[in-house]
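Report on the structure given below.
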Amino acid sequence: MLEKKKTARQRDFQDDNLRLEALTHKSFHYENPKTGPHNERLEFLGDSIVSFVVANYLFGRFPNFKEGQLTLLRANLVCKKKLAQFALQLGLDMDIRLGVGALRDGGRASEKVLEDAFEAYIGAVFLDSGSSMRAVQEFMEPLLSPAVDELTCCSPTSNLLPYNNKQEASKSDINSTGSTISSDLVLHSDLQDPINKLQTWSQRRGLGIPVYKPLEEVGEHNAIFSVGVFIDEECFGSGKARNKKDAKKEAAINALNSVTNGNINGGPKSTMSGNNNGIFKPVINSISSGINTIRSERHSSTPRTSSSMKTLRKGFNSSHNPQYPIRL
């Protein structure tokens, strides 16, 4: 649920027709065709402008950040939820012209409708300012600055903590509140997309890339999509949404919650409980093989071979994070 809070001013347009076009949903246009065009063309223009302005803003604000870190921040600033929040901060939700059906379906609170309206509005700001990117960035900065502060410092589980050491601060970037943040920590925060997070978790354990499969589709007009995420042919989680993209994201979030809490419904069963058909079977077999080899060598006159130790070490290391191998 998006928090409705108007905190920024709209633009005083020189050409009010641009503002009206940006705030006209196609459902209103189809019911009132003589009132002017709908906002999809401006949305197309604004989509590219928003992405550029955000990239330019981050590039200038964080000169020490790497490409991957800047990309991660940008992705969190141009996602549907964030752009919908920007629309609410401008109060666009009450100004959007919607058709009767869209109003009945709660269009003013729809993230998709708000996202599209914001992008169209930015496209209109660009044209109204004489195609000035500087004007657009100045308009968007009151929205971007607190949003970036929140992403880099105020996230509950973020690792981006302020530095007190001046020597360390020289290697960091400064946020608008005066605190410094390490350019090495952004990618370890909770900003990473859950789909990428789950893929990283799976690949580090040698389980391959997660596969997303449709489970069911309910309804014809207002369809609800259900998607399951499968790892090693086992379902780790599922998600439901009005579009496949959001359903896939929810499935990844649920799968991450399952593996984090140890409650994998329908997923691999732990071999620690006696079931050797799960994901730990190769690990257990490798460890057992190494131990049995060492035991047999202990009762013989042959000294312990390096191959048996390698077998045992391989078994242990396959069950741990590869960054922290166990030394035997």
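The values are calculated or read from the model by the stated rules, or taken from the named source; none is laboratory data. All of these numbers come straight from a predicted model, not from anything done at the bench. Please note: Cβ atoms are built from the backbone with ideal geometry, for glycine as well, and neighbour counts cover all protein chains shown.
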Could you grab me the full set of residues in region 64-80 that are outside any helix (DSSP H, G or I) and not β-branched (Val, Ile, Thr)?
64, 65, 66, 79
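Do the conditions hold for residue 113, that is, is it modelled with pLDDT of 95 or more and either surrounded by 15 or more Cβ atoms within 10 Å (Cβ to Cβ) or within 28 Å of the chain's Cα centre (by Cα) (or both)?
It is false that residue 113 is modelled with pLDDT of 95 or more and either surrounded by 15 or more Cβ atoms within 10 Å (Cβ to Cβ) or within 28 Å of the chain's Cα centre (by Cα) (or both).
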Residue check for residue 182: at pLDDT below 85, buried (at least 16 other Cβ atoms within 10 Å of the Cβ), closer than 22 Å to residue 75 by Cβ and of a type in the set (Gly, Ala, Ser)
yes
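Kindly indicate whether residue 169 is in the same structural domain as residue 86 (by TED's automatic domain parsing), surrounded by fewer than 18 Cβ atoms within 10 Å (Cβ to Cβ) and modelled with pLDDT of 90 or more.
So residue 169 fails the test.
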Restricting attention to region 237-248, and to residues there that are under 15 Å from residue 211 (Cβ atoms) and outside any strand (DSSP E or B), which single residue is modelled with the lowest pLDDT?
244
Spot the failing condition for residue 102; the list is (1) touching a His at 6+ places or on another chain (Cβ under 9 Å); (2) among the aliphatic types (A, V, I, L, M); (3) free of Cβ contacts under 8 Å to residues at least 60 places away in the same chain, and only one is missed.
(3)
Close pairs (7 angstrom Cβ cut-off, 6 or more residues apart or separate chains): closer than 14 Å to residue 136 by Cβ in region 49-69, assigned to a helix (DSSP H, G or I) and basic (Lys, Arg) anywhere
54/74; 55/74
Matching residues in region 16-43 (surrounded by 14 or more Cβ atoms within 10 Å (Cβ to Cβ) and assigned to a helix (DSSP H, G or I)) number 13
